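In what follows, a single structure is set out as structure tokens and then discussed.
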Amino acid sequence: MGDWQARILQPFHPGLARLTLVYDPDDLIREEHILEEIRRRGFELLFYDDPIRFRYVYESEYRRRWDGGENAELVVVFPFSMDQRDRVPHDVLSDGRELSLHLAEFFPRLSYSVIRELEAHDYAVLFAVYPDFRGPLTDMATCDFLLRRVFKVAVELIETVPELLAYLLSRHMAGRVYPKVLDQYLIARFSEKAALRGLPLETIVPSRTAFFRFLQDAWPRFLQWKIRAQAKETPDHPYVFGEGEEGILPFDHDEIRHRVDNLFMEGFLTPVSGFERASLPAWAHVGVVPEVPADPHNRFEHLLRQVTKAAEELDHHHAWQALVPKWAELYDWVLTHEAELEKDRHQAWVKLRETIEERFERWLTERFSTLINLSYHPRPVMLHHVPHYLASRQGDRRTALVVLDGMSWVNWVQIRRHLSDIRKEWSFAEQAVFAWVPTLTNISRQALFAGESPLFFSESWQTTKGEPKLWQRFWENQGLRRGEIGYRKGLGEEPIDTWIEEVKAPSLRVLGLVVNAIDDMAHGVRQGAAGLRSQLDVWLKRGYLLTLIEQLLYNGFDVYLTSDHGQLECMGTGRIDQGILAETRGHRARIYADEAFRDQALTKHPHTLAWSPAGFPPGVFPLLARGRTAFTTSQGRIMAHGGISVEEVLVPLVKVVDKSGQDDHRF
């Protein structure tokens, strides 16, 4: 634990008071390791996000336990400062000791309006270097200090196009997201430099999606120039962009060329056709579709190394979110080429997959209750954060959330490739989010539409019938009227024109759609992930999803795609024979209303996991299948969900970005 976490945690000593009130307007306590340590010290946490929900939990859970003589120690976190303590219920205020956490108290010589936009994990670095700050208390001085000491960016050293591209490649390939205020500062500083003014700085600096789209568009122009240059038909490299000109990016510069291989191998860029490799230098061949197919195993080896490297440090949710896109690209390759994969390479893939799954089960078992309470700012971490995030970004825009039931990250790789091949003007801003565990539709999808944990839809968590009301209630609480909120499920096969007219209603502001096709396929397939892949390909070619997205974009919606859970290829290990003792009986999860019945099954079936469901109402006792097993007698490869694997839990949240529009995204 670092000095920053220790400073925050200093007042949290057990035994001082049963109720501690924390005023935390900057969400300092919502850092993953801080939350985990507070729980480890024996405290329970309750966040005052909504007065009615707070009162319900406070009275039904903690007041009841205290009245029964239980010595539970509770920390209540308020999203405002101590000078607003009059907002705290009087009975709560009179019972608790009070603590204040405020950024201005920790960094008084830095601009508060700037540092409050940092992510929680950045504060540990800032805390270590803060004593070195000698500048005035201004936004500019704070931005410069943060970039230099926290983000390791020396703006004055970036003077040329190659230097800027090298910096952006390093940043965007790592998925590093900066606060908006720092991006605006960078854009202003770069705009002062004559060599950089012709570049679309407003988009390629903050947006990972826009940057790689910019490189993709520039790559064939560079190849054409390179062929002419090697034939002595063109002058030296035109690095400078002019107003309205499409310049030639210096992909052959020393600081950029060594990254080109990674750009194409890892899927950031797509190879182009129409060029002869023989007329280009060897390093550029990776970005050209060959006349004779190249050995695909080169990409396998590259992705295997990348995923292995990313899997070395997986102690934070950011690390898992960064791992899963790389892992999905590798798995997609394996599904395409498994028949030709040599035995030793296949064994390396299986061993890596098993290692990752074991680490993920261990990590998520320890951290799941912490993930629930992380902030949705600047990006959502769990599915129930997504509506809050969309509401914070909506403004005057229309928003459509399309839930592709059962879509895993591997499915998304296939879907993205299909859509990109047909709609070159589209790109996709991606973010991994955590589904609810057990990863069942009635739990995880309802949490998504409710913007709440299952505790707050305790009467409907066993079915999906409550989704429309939960979706409606969430958006009405954001200030929308009933007629401005739309919801429809059961989509995927019916003609879109039978209902799309509803979308055109000018009053509609928010739309939630459930496409069931992938989950329906998965439950019927008997050839595992390869069989699902084949069926998904057929469905995509029918054009349903493409048409749906087109219609939503045409009618002025910001389109987000996500999933309620993924799918896992499993082998059956036998049914659990307990009759009707389990309330929910799935292939990967069984939920009991009696802990004794759950533990009885656990004893008889040791390769299972008793899940402690944080965020659930009382009387919910899940039993999960571990590894790649399922509670079924089937001997074939089946697709199932409900468990705790990477494939089931980490799902994509994607914004469709139309190149013809001005909007972009900063996931």
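The values are calculated or read from the model by the stated rules, or taken from the named source; none is laboratory data. Given the structure is predicted, the values throughout are model-derived calculations rather than measurements. For neighbour counting, all protein chains shown are included, and Cβ atoms are generated from backbone atoms with ideal geometry for every residue, glycine included.
Of all residues in region 110-131, those satisfying the criterion of being touching a helix residue (DSSP H, G or I) at 6+ places or on another chain (Cβ under 8 Å) and not in a helix (DSSP H, G or I) are 110, 111, 116, 117, 118, 120, 121.
Yes or no, residue by residue, for (1) under 20 Å from residue 642 (Cβ atoms); (2) assigned by TED's automatic domain parsing to the domain that holds residue 560; (3) touching a Cys at 6+ places or on another chain (Cβ under 9 Å):
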{"site": "373", "(1), (2), (3)": "no, no, no"}
{"site": "399", "(1), (2), (3)": "no, yes, no"}
{"site": "410", "(1), (2), (3)": "yes, yes, no"}
{"site": "417", "(1), (2), (3)": "no, yes, no"}
{"site": "452", "(1), (2), (3)": "no, yes, no"}
{"site": "472", "(1), (2), (3)": "no, yes, no"}
{"site": "485", "(1), (2), (3)": "no, yes, no"}
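Checked against (1) under 30 Å from residue 32 (Cα atoms); (2) in contact with a strand residue (DSSP E or B) (Cβ under 8 Å, 6 or more places away or on another chain), residue 307 passes all but condition (2). When residue 298 is tested against the conditions (1) in a helix (DSSP H, G or I); (2) closer than 28 Å to residue 562 by Cβ, the lone failure is (2). Restricted to region 505-622, the set of helices (runs of 4 or more DSSP H) holding at least 1 residues that are farther than 28 Å from residue 492 by Cα, of a type in the set (Asp, Glu) and free of Cβ contacts under 8 Å to residues at least 40 places away in the same chain comprises 595-604.
Report whether or not residue 29 is buried (at least 16 other Cβ atoms within 10 Å of the Cβ), in a helix (DSSP H, G or I) and touching a strand residue (DSSP E or B) at 6+ places or on another chain (Cβ under 6 Å). Considered against the rule, which asks whether it is buried (at least 16 other Cβ atoms within 10 Å of the Cβ), in a helix (DSSP H, G or I) and touching a strand residue (DSSP E or B) at 6+ places or on another chain (Cβ under 6 Å), residue 29 comes out as yes.
Count of region 134-150 residues, restricted to those that are surrounded by fewer than 18 Cβ atoms within 10 Å (Cβ to Cβ) and not small (Gly, Ala, Ser), is 8.
None of 284, 294, 319, 328 is modelled with pLDDT under 90 and of a type in the set (A, V, I, L, M, F, W, C) except 294. Residues in region 34-88 that are part of a strand (DSSP E or B), within 28 Å of residue 365 (Cβ to Cβ) and without any contact (Cβ under 8 Å) to a residue 60 or more places away in the chain: 43, 44, 46, 73, 74, 76, 77. In region 213-220, the condition of being at pLDDT below 85, closer than 26 Å to residue 424 by Cβ and surrounded by 17 or more Cβ atoms within 10 Å (Cβ to Cβ) is met by no residue. Of all residues in region 494-526, those that are crowded, with 22+ Cβ neighbours inside 10 Å and of a type in the set (D, E, K, R) total 1.
When 210, 154, 174 are screened for being aliphatic (A, V, I, L, M) and more than 25 Å from the chain's Cα centre (by Cα), only 154 passes.
At least 3 residues being surrounded by fewer than 23 Cβ atoms within 10 Å (Cβ to Cβ), acidic (Asp, Glu) and modelled with pLDDT of 95 or more is the threshold, and among the helices (runs of 4 or more DSSP H) wholly inside region 401-478 not one reaches it.
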